[in-house]
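Everything below concerns the one structure shown next.
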DNA sequence: TTTCCTGCAAATTATTTGCAAGTGA
DNA sequence: TCACTTGCAAATAATTTGCAGGAAA
């Protein structure tokens with residue numbers, strides 16, 4: 001069972017930070033939103049719901065969420081960041097269609113394992129990794 | 001034998017574009033520069049040499065170089081793009097140290113092969129891919 | 001000649017920051 | 001209370017674009 005709010009609380013406490021209404025709203029939105037989201041999108045979604053949160057706070061909160069390991073920041077080649085929740089989700093990577101923008105997720109245990117080997121060999125302590133494959137999806141070839 | 005200028009010429013011709021002094025200067029600099037470079041850096045290097053090329057032209061040319069397959073644009077998590085020449089170089093991926101910024105390159109045939117499989121399975125035509133592993137290098141753990 | 005190019009400065013986009021006023025523990 | 005927060009608006013940073021005057025083919 002994964003409890004994002006509790007995880008976040010634990011993180012905030014450890015840094016002597018507070019769980020505010022704004023932070024909770026961002027966390028919930030990110031967590032219950034399927035897929036990858038952008039800061040801009042988040043601003044609008046929250047605005048359309050009851051809870052308005054300023055752009056600045058959204059960015060500040062996303063950084064906290066990344067730090068706490070609840071969310072990861074990904075680059076889908078759009079010129080701005082995307083975020084996706086990872087807590088309770090298996091790590092996955094992306095195939096990004098350069099034409100229609102579609103993102104296909106995939107998981108490959110073998111790739112993960114090979115990456116671990118590489119890190120060990122270089123005595124590199126992995127924090128996160130990303131495998132992005134750019135090209136054309138089957139509908140756009 | 002790899003001839004970047006000829007490759008670029010062929011590409012330019014196919015698009016009815018011209019090989020100008022500026023484009024040639026950027027191409028040469030990128031090609032003979034080992035490692036990853038930034039647009040800003042390129043501007044300075046060229047300026048310090050004989051050939052001044054404006055920032056705008058540098059960005060425009062880098063895009064052409066990427067399009068023509070001579071160079072690839074990579075994200076090393078610095079908030080701006082890096083570029084590296086790929087023509088005549090084996091594809092490689094990166095371990096990026098979040099503390100000192102060091103970038104360790106690695107190549108893994110098995111990972112490459114697995115990626116190809118994944119693309120075939122999804123009928124995805126790969127154009128480029130990137131495996132970036134973020135963490136702490138052995139000097140920063 | 002004709003089409004493509006370049007530099008410049010202004011525009012855009014994404015993200016960050018300083019600061020005064022507000023709020024959770 | 002008091003340290004931590006927020007929103008706002010201004011500041012940054014990277015990159016793009018319009019345009020008028022140059023240059024390859």
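The values are calculated or read from the model by the stated rules, or taken from the named source; none is laboratory data. These numbers were taken from a predicted model, which means no experiment stands behind them. Note: ideal-geometry Cβ built from the backbone for every residue, glycine included; neighbour counts use all protein chains shown.
If you go through region B:69-80 and pick out every residue that is touching a helix residue (DSSP H, G or I) at 6+ places or on another chain (Cβ under 7 Å) and over 16 Å from residue B:26 (Cα atoms), you end up with 0. For region A:34-57, the candidate set comprises residues that are away from DNA strand C (no atom under 12 Å from the Cβ) and in contact (Cβ under 8 Å) with a residue 40 or more places away in the chain; within that set, the residue that is nearest to the chain's Cα centre (by Cα) is A:36. Residues of region A:78-98 that are surrounded by fewer than 16 Cβ atoms within 10 Å (Cβ to Cβ) and at the interface with another protein chain (Cβ under 10 Å from one of its Cβ atoms): A:79, A:98.
If I ask for residues that are within 14 Å of DNA strand C (Cβ to nearest atom) and either within 13 Å of chain A (Cβ to nearest Cβ) or free of Cβ contacts under 8 Å to residues at least 40 places away in the same chain (or both), which ones from region B:58-67 would you list? Once the filter is applied, which keeps residues that are within 14 Å of DNA strand C (Cβ to nearest atom) and either within 13 Å of chain A (Cβ to nearest Cβ) or free of Cβ contacts under 8 Å to residues at least 40 places away in the same chain (or both), region B:58-67 yields B:58, B:59, B:60, B:61, B:62, B:63, B:67. For region A:20-38, taking the residues that are in contact with a helix residue (DSSP H, G or I) (Cβ under 9 Å, 6 or more places away or on another chain) and part of a loop (DSSP other than H, G, I, E, B), the one that is surrounded by the most Cβ atoms within 10 Å (Cβ to Cβ) is identified as A:33.
Residue by residue, here is whether (1) in the same structural domain as residue B:104 (by TED's automatic domain parsing); (2) out of contact with any strand residue (DSSP E or B) (no Cβ under 7 Å at 6 or more places or on another chain); (3) assigned to a loop (DSSP other than H, G, I, E, B); (4) within 29 Å of residue B:101 (Cα to Cα) holds:
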| residue | (1), (2), (3), (4) |
| --- | --- |
| B:9 | no, yes, no, no |
| B:13 | no, yes, no, no |
| B:18 | no, yes, yes, no |
| B:40 | no, yes, no, yes |
| B:43 | no, yes, no, yes |
| B:50 | no, yes, yes, no |
| B:59 | no, yes, no, yes |
| B:65 | no, no, no, yes |
| B:77 | no, no, yes, yes |
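Residue selection: residue B:55 satisfies the criterion of being surrounded by fewer than 12 Cβ atoms within 10 Å (Cβ to Cβ), within 10 Å of DNA strand D (Cβ to nearest atom) and away from every other protein chain (no Cβ under 14 Å).
Against the numbered list (1) surrounded by 15 or more Cβ atoms within 10 Å (Cβ to Cβ); (2) free of Cβ contacts under 8 Å to residues at least 24 places away in the same chain; (3) not assigned by TED's automatic domain parsing to the domain that holds residue A:33, residue A:105 comes up short only at (1).
In region B:68-77, the residue that is farthest from residue B:18 (Cα to Cα) out of those that are within 14 Å of chain A (Cβ to nearest Cβ), away from DNA strand C (no atom under 12 Å from the Cβ) and touching a residue at least 12 places away in the same chain (Cβ under 8 Å) is B:76.
Of all the numbered requirements in (1) closer than 25 Å to residue B:72 by Cβ; (2) at pLDDT 90 or above, residue A:77 misses one, and that requirement is (2).
When region B:111-141 is limited to residues that are more than 7 Å from chain A (Cβ to nearest Cβ) and part of a loop (DSSP other than H, G, I, E, B), the one that is nearest to residue A:74 (Cα to Cα) turns out to be B:140.
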